[in-house]
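Reviewing the structure listed below.
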Amino acid sequence: MNERQYSRISLKFPVEYSAGNSKSSGTGYASNLSPGGVLLSVRERLNVHQQIELAIFASMGPKMETIKVHSKIVWADDSAHEGMYLFGAKFVDSSASEKAKLTRVFEELSANQALHGIAAKHAYRTHVDYPWEKKDKDMPTAK
């Protein structure tokens, strides 16, 4: 039985990543989130055990939170789905302030899920129609 350490919330938040020592970078989406990791949908194939710097752009009502975390790819789905590849990334070596921000965002989303009475096994879907969804070049960047 596959027991997860953290519960997850389904969502669709844009992400920006840079892959380790290579000059590879790109954009995509976080499809679910937990305090320990994220499910990524990106256009480029990444490798299991690859280290990435990740910026998650979390829409929290009227404000946008940018969460910057160092991550490690822990699993990969090698088949493309509508031009996107799926990867599981574990958060590693993040700063205390980014961990606190991630925890706060996760708790707010979890509280919203509980408020709406959605069972834990079902997704709380949150999505904002971002203007850059069709054009990666217009994706905000984490400075």
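Just so you know, all these numbers are worked out from the coordinates, no wet-lab data involved. If you're wondering where the values come from, they're calculated on a predicted model, not measured in any experiment. Here the Cβ is made from the backbone with ideal geometry for all residues, glycine too, and neighbour counts use every protein chain on show.
Classify region 1-111 from the C-alpha gyration tensor, please: rounded if a/c falls under 1.5, else prolate or oblate depending on whether a/b exceeds b/c. Walk me through the intermediate numbers first.
On the way: a/c = 1.44, a/b = 1.34, b/c = 1.07.
It is rounded, given that a/c, with a ≥ b ≥ c, falls under 1.5.
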| Sorted by Cβ density within 10 Å, fewest first, the residues 9, 67 | 9, 67
